[in-house]
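Chemist: Here it is, the structure in full.
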Amino acid sequence: MIAQLRAELLKQRSTRTDLGLFAALLGLVLLALILHGFGLRAEELARRNNQLMILGRGEFLAALFAALLGATSITAEIRHGTIRPTCLATPRRGRVLAAKVGVSGVIGAGLGLAASGLAAAAGTVALNSRGIHIQLDRGDYLLLIAGGGSAAALWAAVGVGIGAVVRNQVAALVGIAAWLLFFEGLLGGDLGDAGRFAPGALGMAASGQEPGTLVAPGVGVALLAVYAIVAVAAGCLATTRRDVA
Amino acid sequence: MGDDAVIAVEGLTKRFGAVVAVEDLSFSLQRATVTGFLGPNGAGKTTTLRALLGLVEPTAGEALVFGRRYRDLQRPARRVGAVLESNDFHPGRTGRNHLRALALGADADIGRDRVEEVLDLVNLIRDGGRRVRTYSLGMRRRLGLAGALLGDPELLVLDEPANGLDPAGVHWLRTFLRGYADAGRTVLVSSHVLAEIAQLVEQVVIIDRGRLAAFVRLDELSDRGATLEEAYLELTARPAS
């Protein structure tokens, strides 16, 4: 299993995909923080929940990008055909998928920590520069960053599972982006109480956003982990049962 | 069927929905033989090879290598090397990293020095650091072959290896496979181009519409005064419609 992990790590290091995702993520986080930090009215920014939400953009974007990275780790192999030599080298396909979950999870955690840290720092600078009192304490910051790392790690695993089931790269990536950016946002209100248990909302809860509305951070991590386990199990089943075309 | 059969296909059937790709196919190949696997396009060659290599699950029957299912082999890269498609590479990865990732994934003590060895073997040592998107088709063919050779396998399985190669590439491939076979290894090479095969192999398995049409030694054919082409065309003839 160590061998497969090393192989997967080399695969992810040896193309520019991960680096590109990382750069795009940090750029988007900065852009989002600048737009929110300087675009919103001062009285809105003064509210604690809004401060959490804005600084939590790091978590949200990292979750999205980690899921894309996880899905790409398997769909790129299918798209480019490397799944064939990969499966010849490692006929136990469950191991291939497990290695992808492991490596994508670790890199996803890195994305989450970096994006959350950058969002927290940039948000703090933006609010300070406008003379807005920051109502967050050290615990809030820790939760934003640690929760962001955990949520992104779990979303990376969800992405691997979705990629393994969907297989088509474009469909998987568009599906993930559409779910997080549109469906949960649009349907969130219609779902009422159940919206708290949607996977995107659980990621936000993990980093301590919208306390009182969303579930507690620990519950968010635990329930998101359940989503990840279900997605990976489905992906594993799909990968081992289906033929490699 | 002897116990030392390197490849044993027994009653292999594979259906994709309503399409029968391979039907009740049986043949076995002994060690140190070079066998051509022939048939018209769509005859089921690729499906048979994929079943043999554990990529597709047979609907019925079995396809064994060294007496086992591929996925039950210990360190399969040490036993079997295979190339199925000409372009199974990530275009943004270098040839060398492609091989290193395969070597790691095989978990069979294949070190970096072996990666350099196979790069050298297929004349890609100077291009190993380039991304595959800059490779010509011939270079990709050779990189694929390098991947199959990483574990110094006893059996080489190649699906249409000469497709798209220029004459110099075909000549190189033929010389390479000849040397490989002369070292006592076993080769199964599929093709629908007879000229590529006739000079290389000692026997042919011919399939048509998913079924075995013939399994003959080329010297038996020449004893009968028939050429491979004549035999092939006769066996795979479609009724005029």
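Chemist: Among the lysines, select those whose C-alpha is under 24 Å from the C-alpha of A:LYS100, and discard any that sit fewer than 8 residues away in the same chain.
Modeler: A:LYS11
Chemist: Taking Cα atoms, how many degrees apart are the long axis of helix B:95-106 and the longest axis of chain B, rounded to 10 and kept between 0 and 90?
Modeler: Helix B:95-106 sits roughly 70 degrees off the main axis of chain B.
Chemist: When Cβ neighbours within 10 Å are restricted to other protein chains, what is their mean count per residue of peptide A:7-14?
Modeler: If you average over the peptide's residues, the count of other-chain Cβ atoms is 6.
Chemist: Need one word for region B:30-121: rounded, prolate or oblate. Basis is the Cα gyration tensor (sqrt eigenvalues a ≥ b ≥ c); a/c below 1.5 gives rounded, then a/b vs b/c decides. Mind dumping the intermediate values first?
Modeler: Details: a/c = 1.90, a/b = 1.53, b/c = 1.25.
Note, shape of region B:30-121 comes out prolate.
Chemist: Name the residues whose placed amide hydrogens come within less than 5 Å of the amide hydrogen of B:GLN30, ignoring near sequence neighbours (fewer than 5 apart) on the same chain.
Modeler: Sorted by chain and number, the residues that satisfy this are B:VAL6.
Chemist: Sticking with this structure for a sec: I need the phi-derived Karplus couplings for region A:56-69: 6.51 cos²θ - 1.76 cosθ + 1.60, θ = phi - 60°, integer Hz, Gly and Pro marked x.
Modeler: x, 4, x, 4, 4, 5, 5, 4, 4, 5, 5, 5, 5, 5
Chemist: Next question, about the same structure. Take peptide B:102-112, look around each residue's Cβ out to 10 angstrom, count Cβ atoms belonging to other protein chains, and average those counts.
Modeler: Per-residue shielding by partner chains comes out at 6.
Chemist: Taking the Cα centre of region B:53-119 as origin and charging only Cβ (+1 Lys, Arg; -1 Asp, Glu), how large is the dipole, in debye to the nearest 20?
Modeler: I would put it at about 140 debye.
Chemist: In Å, the Kirkwood hydrodynamic radius of region A:2-241 over pairs of distinct alpha carbons? Kindly include the intermediate steps, with their values, before the conclusion.
Modeler: Details: mean 1/r = 0.0555 Å⁻¹.
When all Cα pairs of region A:2-241 are included, the Kirkwood radius is 18.0 Å.
Chemist: In a Gaussian network model over chain B where Cα atoms closer than 10 Å are linked, find which of B:SER26, B:SER222, B:SER191 has the largest mean-square fluctuation.
Modeler: Largest GNM mean-square fluctuation: B:SER222.
Chemist: With the Cα gyration tensor of the protein assembly as shown giving a ≥ b ≥ c as the square roots of its eigenvalues, does the rule (a/c under 1.5 for rounded; else a/b larger than b/c for prolate; else oblate) give rounded, prolate or oblate?
Modeler: It is prolate, given that a/c is not under 1.5 and a/b is the larger ratio.
Chemist: Right, next: Report the Cα centroid-to-centroid distance between region B:125-172 and region B:187-241 in angstrom, as an integer.
Modeler: Their Cα centres are 25 Å away from one another.
Chemist: Would you please put B:126-137, A:160-171 in order of how densely packed they are, using the mean number of other Cβ atoms within 10 angstrom per residue and starting with the highest?
Modeler: By packing density, highest mean first, the sequence is A:160-171, B:126-137.
Chemist: In peptide B:86-93, what is the residue-averaged number of other protein chain Cβ atoms found within 10 Å of each Cβ?
Modeler: That average works out to 6.
Chemist: Here's something else I'd like to know. So for region B:110-241: antiparallel DSSP bridges make up what percent, rounded to the nearest 5?
Modeler: Close to 55 percent.
Chemist: Kindly provide the GluC sites (Glu not before Pro) of region B:162-241 that DSSP labels as loop, not H, G, I, E or B, and whose Cβ sees at most 16 other Cβ atoms within 10 Å.
Modeler: The qualifying sites are B:GLU202.
Chemist: For region B:127-143, in order, what is each residue's ³J(HN,Hα) by Karplus, 6.51 cos²θ - 1.76 cosθ + 1.60 with θ = phi - 60°, in whole Hz (x at glycine and Pro)?
Modeler: Result, ordered by residue: 9, x, x, 8, 5, 4, 4, 8, 7, 6, 4, x, 5, 5, 4, 5, 5 Hz.
Chemist: Under 10 Å, Cα contacts only: if you run a Gaussian network model on chain A, which one of A:ALA120, A:ALA109, A:ALA178 comes out with the highest mean-square fluctuation?
Modeler: A:ALA178
Chemist: Between the alpha-carbon centers of region B:46-90 and region A:144-214, tell me the distance in whole angstrom.
Modeler: 38
Chemist: To make sure I understand the rule: partners must be lysines, Cα under 23 Å from the Cα of B:LYS14, and not fewer than 8 residues away in the same chain. Which ones qualify?
Modeler: B:LYS45
Chemist: Do any chymotrypsin sites (Phe, Trp or Tyr not before Pro) in region A:123-189 lie in a loop, going by DSSP, with at most 12 other beta-carbon atoms within 10 Å of their beta carbon, and if so which?
Modeler: Answer by residue number: there is no such site.
Read-outs throughout are calculated quantities, based only on the coordinates presented, and are distinct from any laboratory measurement. Every value quoted in this text rests on a predicted model; they were computed, and no experiment measured them. Cβ: placed from backbone, ideal geometry, glycine included. Neighbour counts: every protein chain shown.
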